[in-house]
Amino acid sequence: MAFLFICGLGFGARQAIGTVYGGADAAQLLEALSRAGLYLGSAVATASATTLALMLTLVGMIRRAETEFDTEAYTRVILIARMSTITLMSSLIMLLAFVFPVGEFDALPTDWYGLLYEGLFAATVLTVALLAATVLVVYMTLEHVIRGVTPGDNL
């Protein structure tokens, strides 16, 4: 649900920006997107790498807990690890794409800039949506683990 919500917001933002009419417009939009995208990509990469490290800690905690956990807890940890890895790789590719000196390629056709902008915008939205979905799965997993180790049923 979080993934679809963020994708919907990204689509709405793209619609609000409007149509890219020419290479000059796209080049300006690319420059603005790359400035923000570099910060966003590095933040997403940091968050994903941290999440992967914390999943190792969570697995260790689950194994040492006196409570027996069902396979659902381990399945969720694997899901989080996969999602974090995909998000991390996506953010790294996005960072690499944003450091390309796009304005320096004079020999490229003007419609190339529009296509590049659309692709980078979509990659940015999908990366943020993956991170949002990962955060939601982390929350659900954490809640499941806390319910498993907390005595009583009043949570």
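The values are calculated or read from the model by the stated rules, or taken from the named source; none is laboratory data. Just so it is clear, the model here is predicted, and its values are computed rather than measured. Virtual Cβ from ideal backbone geometry, glycine too; neighbours counted across all protein chains shown. Remember, those area values only see protein heavy atoms, side chains included, never the ligands or the DNA or RNA. Shrake-Rupley method; radii C 1.70, N 1.55, O 1.52, S 1.80 Å.
Annotation: of all residues in segment 39-85 being of a type in the set (S, T, N, Q) and in contact (Cβ under 8 Å) with a residue 12 or more places away in the chain, the one that is farthest from V145 (Cα to Cα) is S42. Of the residues making up segment 65-76, at least one is of a type in the set (D, E), open to solvent by 50 Å² or more (accessible area, probe 1.4 Å) and modelled with pLDDT of 75 or more.
Within segment 119-145, the set of residues being open to solvent by 40 Å² or more (accessible area, probe 1.4 Å) and farther than 20 Å from L33 by Cα comprises V135, L136, V138, Y139, M140, L142, E143, H144. Tallying residues that are of a type in the set (S, T, N, Q) and touching a Leu at 6+ places or on another chain (Cβ under 8 Å) within segment 32-90 yields 7. The number of residues in segment 33-50 that are closer than 21 Å to A81 by Cα and open to solvent by less than 30 Å² (accessible area, probe 1.4 Å) comes to 4. Flag not set for L115, criterion: surrounded by 14 or more Cβ atoms within 10 Å (Cβ to Cβ), among the aliphatic types (A, V, I, L, M) and modelled with pLDDT of 75 or more.
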